[in-house]
1. Listed residues Asp154, Asp169; which is within 20 Å of the chain's Cα centre (by Cα) and modelled with pLDDT under 95?
2. Going by the structure shown, is Ala219 surrounded by 15 or more Cβ atoms within 10 Å (Cβ to Cβ), modelled with pLDDT of 95 or more, farther than 22 Å from Phe430 by Cα and not polar (S, T, N, Q)?
3. Please determine, by comparing only the residues of region 383-418 that are aliphatic (A, V, I, L, M) and touching a Pro at 6+ places or on another chain (Cβ under 9 Å), which one is modelled with the lowest pLDDT.
4. State the number of residues belonging to region 379-401 that are among the hydroxyl-bearing types (Ser, Thr, Tyr) and either surrounded by fewer than 16 Cβ atoms within 10 Å (Cβ to Cβ) or closer than 18 Å to Gly200 by Cβ (or both).
5. How many residues are buried (at least 16 other Cβ atoms within 10 Å of the Cβ) and part of a strand (DSSP E or B) when one looks only at region 47-65?
6. Here is a check on your reading of the model: is Thr362 among the hydroxyl-bearing types (Ser, Thr, Tyr) and closer than 30 Å to Gly133 by Cβ?
7. Could you please find all residues in region 103-128 being polar (S, T, N, Q) and either loosely packed, with under 14 Cβ neighbours inside 10 Å or free of Cβ contacts under 8 Å to residues at least 40 places away in the same chain (or both)?
Amino acid sequence: MYKDSLEYIIDKTRGMDVECLFISNKRILTRFANSYIHQNVSVEETELSIRVVIDSKTGKVTVNQFSKDVLDSAIERAIAMAKIAPPDPEYFGLPSPITVETKKKEYKEISPEVLAQKVKDFIDATGNLNASGALEVNNITMVIVNSNGISLEDNLSMVSLESVVQDNDSSGYVYTMEKDLEDIDFVSLANIASYKARKGRNPIELSPGYYTVILEPQAVGTLISFLGLMGFGAKQFEEKRSFLVGKLGEKITSDLISIWDYPSHPKTISFLFDFEGLPRKDVALIDKGVAKNLVYDFKYAKKAGRESTGNSLPQPNTDGPLPFNLTLLPGDSSLEEMITSTKRGILITRFHYTNIVDPIKTIITGMTRDGTFLIEDGEVMTPVKNMRFTQSILEALNSVELIGKDIFRAGEHFIFPTLVPALKIDRFQFTGVTR
């Protein structure tokens, strides 16, 4: 039905620059708290955005109903808005088609009973501890059609489990995301969270200061995701809001660090095209410590005399292009090797309540949570009370000693999942402790 609606709009607005963006999400969510399932939600959310450009002036209307009367009204409103909007002197038209090899994938229908059983398996494996969290399935379809001939459809599935398992004053955390429900090992995840919760009893307090840290993938995902927001986009760079201004081609991190926007990575979950209908491309952002590239949408690629890398958000937007599939390339160390190589340090499961302090210096602040432990003489010893950190991400990445060989989808992400390994960092600043 939605394809007919999009074609109807294009036919109705011939002679204008028009783009139709349709997104549908069939979402199933099972929540649990105090080791009991308390909610199951199943909903299909649909949205159709109509963007009309007349004499470089843009009008945009979004609807979630698709009758002819609703579409006619939306078209009229978009045209009316375009006529009175200020012109964009940097409007370069709409993109033309570039071949994108899409293959429609069939969704697997998952019943609430199946999700409930998986959650029960997880809860049962935590024993007498208190488990809370959510198991979520998202089946997303995106269709984009424009008046220049772009006509594309793609879909993807994401299944994620997030849980905190508590044992009085301590807690353990797990997060995983897969393309298929059957790829999640619920019992193993429950065992990991339960082990941390039990081991975290009676934590000690450490003084603020600089420590060697081993960051598990969820904590690394926070660093890489926030770095992705701070300056890899061409608009940020042009407006001098990027930490990369004056640094492209220079070494900015340890030689061990390579960060890509990596839509073709086998573990990536991503559409094959961006929100303008242009193909996603692999982009080396940092290569062996050297700042290499930015990401572009159609507009900023035209301004720079380059090709789009397929990083457009829905247009128009104030953010400009952003990396969608940030990936920190793995190294050759296991988590166990990182721990045994550490004389004294802190093992961190994840960060919480993280905020940007200074985007140019890449400084963020936040707290450890759900599994923080002191390492002494190569062994994980005493649980540690949660600590506040204030740290430059680039400085941290300059102090990396070891990189994990296994790569995971992190829970901290802003568009699509971030792929990261564990990291051992020689120098990481903590500025406070919890009471």
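The values are calculated or read from the model by the stated rules, or taken from the named source; none is laboratory data. These numbers come from a predicted model, not from an experiment. Heads up, the Cβs are rebuilt from the backbone with ideal geometry, glycines too, and the neighbour counts pull from every protein chain shown.
1. Every option except Asp154 fails the conditions.
2. Considered against the rule, which asks whether it is surrounded by 15 or more Cβ atoms within 10 Å (Cβ to Cβ), modelled with pLDDT of 95 or more, farther than 22 Å from Phe430 by Cα and not polar (S, T, N, Q), Ala219 comes out as no.
3. Residues of region 383-418 that are aliphatic (A, V, I, L, M), as a first pass: 384, 387, 393-394, 396-397, 400, 402-403, 407, 410, 415.
Now restrict to residues that are touching a Pro at 6+ places or on another chain (Cβ under 9 Å): 384, 387, 403, 407, 410, 415.
On the way: Val384: 96, Met387: 96, Ile403: 98, Ile407: 97, Ala410: 94, Ile415: 81.
This residue is Ile415.
4. Here the count works out to 2.
5. 13
6. When the stated conditions are applied, Thr362 does not pass them.
7. So in region 103-128, the residues polar (S, T, N, Q) come out as 111, 117, 126, 128.
Residues satisfying the conditions are Ser111, Gln117, Asn128.
This table checks each residue for (1) of a type in the set (Phe, Trp, Tyr); (2) under 22 Å from the mean Cα position of the chain (by Cα); (3) closer than 23 Å to Phe243 by Cβ.
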{"site": "Lys302", "(1), (2), (3)": "no, no, no"}
{"site": "Arg350", "(1), (2), (3)": "no, yes, no"}
{"site": "Thr382", "(1), (2), (3)": "no, no, no"}
{"site": "Phe389", "(1), (2), (3)": "yes, yes, yes"}
